[in-house]
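Every read-out reported here was derived from the displayed coordinates using simple, explicitly stated rules and does not represent laboratory data. Source: prediction; values computed, not measured. For neighbour counting, all protein chains shown are included, and Cβ atoms are generated from backbone atoms with ideal geometry for every residue, glycine included.
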């Protein structure tokens, strides 16, 4: 018999119609009652929050990490987190950065509210419980289980605002799938290394994302620095390109800069001059491989918290692992 801790945090999977809109109001027990629990699985429940994930702030994220740590210390075989889909890719990845345990942490949620005529949450939760209780999910770190497919937290992104097949992991997933009530491996088990993170902190260092678009100048970058940014993520063109104005601003900004792409798939590689990736690299920017800007922001914030004087080296080691 496997023991799984369900951490309920709200989101669409917990939402019902209220005052003309939907609001997360259902408890973990109410959500669990909608699904079929695997026969060899016993579930304990913690109601960690009841909010839409679009409202989350640093204290909420760090409190969730503490809840996950507490569950693992209690001796469970796995953890399932029901979470809003709007920020799931960010929170799951942050969890993966801090997760140093062979037991799985599985995020899931829904695109349709609990009181929908055909909600997707019950099936997603049942699948997540099955994954979290299965030995095949061990040594895979943090996972996102959605619509019968299981992706690694790194690289997972929401690709549709409303479709029940809302998540994918370009170039990285799925790593497991659910078929006939069984977990089937699609890739060898691999768990990314964890980074040092003090989960008792109230917040992580401020990191802002600077988007690139035709005609962009350094206004947003300077505003972010003025607001107190300790690091910046550049959501760059293509394979990691900007323009001469941004290159100059990055050279002089005085904080770590991590370059990612605004393109949903593929790595960033320094290739071009004239404001392109080669110039960004020479200006001191790091390149974040295939991370999305949103996940790269989490990586840089954790690196700044763990190694404030040398975050670049911590990021290089993590990306190379």
Rounded tilt (10° steps) of 88-98 against the dominant C-alpha axis of the chain: 80 degrees
Helix 293-306 axis, angle to the chain major axis (alpha carbon atoms, nearest 10°): 80 degrees
Residue order, fewest to most beta carbons within 10 Å, for 88, 278: 278, 88
Antiparallel DSSP beta bridges within the range 156-240, percent to nearest 5: 55 percent
FRET efficiency estimate (nearest 0.05) - Cβ-Cβ, residue 115 to residue 42, R0 35 angstrom: 0.80
For the range 119-146 versus the range 227-283, the gap between their alpha-carbon centres in whole angstrom: 36 Å
Within the range 277-305, backbone nitrogen closer than 11 Å to the virtual label 7 Å beyond the Cα of residue 198 toward Cβ: 305
DSSP-defined beta bridges in the range 210-305 - what % are antiparallel, rounded to 5: 10 percent
Spherically averaged projected area in nm², based on the convex hull that wraps the Cα atoms of the chain: 16.4 nm²
